[in-house]
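First comes the structure, then the notes that go with it.
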Amino acid sequence: MSHDYDLITLGAGSGGVAASRRAALHGAKVAVVEGSRVGGTCVIRGCVPKKLLMYAAQFGEGFAQARGYGWAAEAPAFEMARWASAKAAETARLEDVYRKMLAGGGVELIEGWAQLDGPHRVKVGGRVLTARHVLIATGSSPVRDSLPGIEACATSDDLLDLSTLPDTAAVIGGGYIAVEFASILARLGVKVAMYYRASLPLRGFDEMLRTAAAAHLQAAGIELHPGVVPQRVQHTADGFLLVLGEERVRGFPWVLNATGRRPNTAGLGLETAGVAVAPNGAVVADETMQTTAAGVYAIGDVTNSKNLTPVAIAEGRAVADSLFGGTPRNVDLSRVASAVFMLPPIASVGPSEAEALAAGHRVKVFETEFRPMKQAFIGGTERTHMKLLVDEASDRVLAVHMIGADAPEIVQSLAVALTAGATKADFDRTIAMHPTAAEEFVLMREPARVVGPVQP
Ligand code: NDP
């Protein structure tokens, strides 16, 4: 049976665009359907504008630090409206780049909201298109029903569109988005209070990072309320009331809901094609990214596996290579590096110490903590923490964890070494580059402790 297209991709975010372009490169006839802006969450309302706001926040401390380095200038004031207009121009430029990449790559962009209409059929507006394969790459959106009344609060999407900042803000949640934006807002002069239900922020990260993150957030002037989650949020004329318990309420002019994200599956007509959705709302996909329906694949946040842009891109390219490139392959997600862009940032690759122990490793734990040169010179107190986990039996470096200036840049490079199977002996015979913070990773000689079951 002939179809209009070899592949129709739903969603022109990073994953959908990468998959579509790779499929077209292999000679497939491809269309990508997008109802919002081309570029998706990462480019338009996520990673990219967030990092641009983090750079803005960094200047806040940069001006103060500059005085310690001999500069006489007074700190200028931050104007969110100026940042917002520069951000709007930059995301528009990037969207244009994405559109040109699609056109240049031979991918047809169809603007509108797509809906499956049985296997191999996609409805867009009044049109019905048919495809040999369909790829669901619709991403995720902020959860708006985690607490009663929270739907009226701002999400990260709204924050990145503000043209003025509130004086005071509450952040609900303790994950990536909560920590990043609390840290950024505080550096931009907002008085922030964070409410999260665990004892430490950043569940899933190594304990050393979580403890240090809490200390850094506090040092930035953020009020931490671990183990405290509002029972409900009340929208008032001048902001919000967080109802924290019997007769305990606290008002804030602005509240960030950072209680997680949910896969975008509503209204996609998945049931018409037999695509199963898990109880957490994620599209069910196997290791080849095939859903429960033949010919229908899903990648990225909509599958809720590792919700990171580079993972969606890798999965999308793997699907395209498998379907159209004659090279079937899966993506190995066992060693994905990730970063939390708080100030100072966190980066990690490999398991936390608790995860390594749970996996049965006997682990040599190497740790160091120091005040970086840049801080020491100006009497700053910010400390860098680093950790290496080494499997005692094989000497393989299992994980690298860091919180401190440039952690994401450093750990991304070390992730190559871990992917290549580097041992602690390889780290030891690497000559340090001085003076850097990264050199500490090749200068750790004695383990702080050896933990886990003794191997037979
Ligand atoms: P996370 O899953 O990281 O964090 C959600 C937070 O909300 C957790 O602290 C969670 O608590 C809390 N929470 C969830 N439900 C409730 C509830 N009902 N009441 C109170 N608290 C609740 O989600 P984010 O939205 O921060 O980020 C979504 C995903 O996007 C991340 O997992 C990450 O994959 C990706 N991302 C990556 C970034 C990066 O790479 N730098 C940046 C931003 C996002 P608890 O931990 O106790 O469950």
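What follows draws every value from the coordinates through simple rules; no lab data is involved. Not measured: the values here are computed from a predicted model. Quick reminder, even Gly has a Cβ in these numbers, built from the backbone with ideal geometry, and neighbours come from all protein chains shown.
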statement: Among residues of the range 301-321 being in contact with a helix residue (DSSP H, G or I) (Cβ under 6 Å, 6 or more places away or on another chain) and under 11 Å from V331 (Cβ atoms), the residue nearest to the ligand (Cβ to nearest atom) is A312
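Scanning for something over 30 Å from D167 (Cβ atoms), within 16 Å of the ligand (Cβ to nearest atom) and either part of a strand (DSSP E or B) or of a type in the set (V, I, T) (or both), does the range 255-263 turn up at least one residue? Give the derivation first.
Of the residues in the range 255-263, the ones over 30 Å from D167 (Cβ atoms) are 262-263.
Within this subset, residues satisfying the condition of being within 16 Å of the ligand (Cβ to nearest atom) are 262-263.
Now narrow it down to the ones that are either part of a strand (DSSP E or B) or of a type in the set (V, I, T) (or both): 262-263.
Yes, there is a match, as at least one residue in the range 255-263 is over 30 Å from D167 (Cβ atoms), within 16 Å of the ligand (Cβ to nearest atom) and either part of a strand (DSSP E or B) or of a type in the set (V, I, T) (or both).
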- line: Picked from the range 147-164 (must be among the hydrophobic types (A, V, I, L, M, F, W, C) and over 17 Å from the mean Cα position of the chain (by Cα)), the residue nearest to V179 (Cα to Cα) is A154
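Against the condition within 16 Å of the ligand (Cβ to nearest atom) and either in contact (Cβ under 8 Å) with a residue 60 or more places away in the chain or surrounded by fewer than 19 Cβ atoms within 10 Å (Cβ to Cβ) (or both), how does A114 come out, does it pass? Walk me through it before giving the result.
Working: within 16 Å of the ligand (Cβ to nearest atom): no; either in contact (Cβ under 8 Å) with a residue 60 or more places away in the chain or surrounded by fewer than 19 Cβ atoms within 10 Å (Cβ to Cβ) (or both): yes.
The answer is no for A114.
Could you list, in sequence order, the residues of the range 320-353 that are of a type outside the set (D, E, K, R), farther than 30 Å from L52 by Cα and buried (at least 17 other Cβ atoms within 10 Å of the Cβ)?
Taking the range 320-353 as the starting set, the residues that turn out to be of a type outside the set (D, E, K, R) are 320, 322-328, 330-331, 333-334, 336-352.
Narrowing further to those that are farther than 30 Å from L52 by Cα: 320, 322-328, 330.
Passing the criteria: A320, S322, L323, F324, G325.
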message: Of the conditions (1) over 28 Å from Q58 (Cα atoms); (2) within 15 Å of the ligand (Cβ to nearest atom), E246 satisfies every one except a single condition; which number is it?
response: (2)
Single residue of the range 172-214 satisfying the filter (outside any loop (DSSP other than H, G, I, E, B), among the basic types (K, R) and out of contact with any Phe, Trp or Tyr (no Cβ under 9 Å at 6 or more places or on another chain)) that is farthest from the ligand (Cβ to nearest atom): K191
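I'd like to verify a number: residues in the range 40-76 that are away from the ligand (no atom under 16 Å from the Cβ) and of a type outside the set (D, E, K, R), how many? Full working, then the answer.
Going through the range 40-76, the residues away from the ligand (no atom under 16 Å from the Cβ) turn out to be 56, 59-76.
Applying the additional criterion that residues be of a type outside the set (D, E, K, R) yields 56, 59-60, 62-66, 68-73, 75-76.
Result for the range 40-76: 16.
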field: Candidate set: the range 142-171, residues that are out of contact with any helix residue (DSSP H, G or I) (no Cβ under 7 Å at 6 or more places or on another chain) and not in a loop (DSSP other than H, G, I, E, B); chosen: the one surrounded by the most Cβ atoms within 10 Å (Cβ to Cβ)
entry: A170
query: Taking the stated definitions as given, is P230 near the ligand (Cβ under 10 Å from one of its atoms), buried (at least 16 other Cβ atoms within 10 Å of the Cβ) and assigned to a loop (DSSP other than H, G, I, E, B)?
result: yes
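Quick one: would you say G251 is in contact (Cβ under 8 Å) with a residue 60 or more places away in the chain, away from the ligand (no atom under 15 Å from the Cβ) and either within 22 Å of V143 (Cβ to Cβ) or surrounded by fewer than 21 Cβ atoms within 10 Å (Cβ to Cβ) (or both)? Lay out the reasoning, then the answer.
Details: in contact (Cβ under 8 Å) with a residue 60 or more places away in the chain: no; away from the ligand (no atom under 15 Å from the Cβ): yes; either within 22 Å of V143 (Cβ to Cβ) or surrounded by fewer than 21 Cβ atoms within 10 Å (Cβ to Cβ) (or both): yes.
For G251, the condition - in contact (Cβ under 8 Å) with a residue 60 or more places away in the chain, away from the ligand (no atom under 15 Å from the Cβ) and either within 22 Å of V143 (Cβ to Cβ) or surrounded by fewer than 21 Cβ atoms within 10 Å (Cβ to Cβ) (or both) - is not met.
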field: Scan of the range 264-295 for residues that are surrounded by 23 or more Cβ atoms within 10 Å (Cβ to Cβ) and assigned to a strand (DSSP E or B), ordered by number
entry: V283
- line: Looking across the range 215-227 at residues that are surrounded by fewer than 16 Cβ atoms within 10 Å (Cβ to Cβ) and assigned to a loop (DSSP other than H, G, I, E, B), the single one that is farthest from the ligand (Cβ to nearest atom) is G221
- request: Note down all Cβ pairs under 6 Å where the first residue falls in the range 1-29 and is part of a loop (DSSP other than H, G, I, E, B), the second is of a type in the set (D, E), and they're at least six residues apart or on different chains.
  value: A12/E34; A28/D6; K29/D6
- prompt: Assuming A312 fulfils every condition listed in (1) under 28 Å from G174 (Cα atoms); (2) part of a strand (DSSP E or B) apart from one, which condition is it?
  reply: (2)
message: Based on this model, can you work out whether A356 counts as away from the ligand (no atom under 16 Å from the Cβ), buried (at least 22 other Cβ atoms within 10 Å of the Cβ) and outside any loop (DSSP other than H, G, I, E, B)?
response: yes
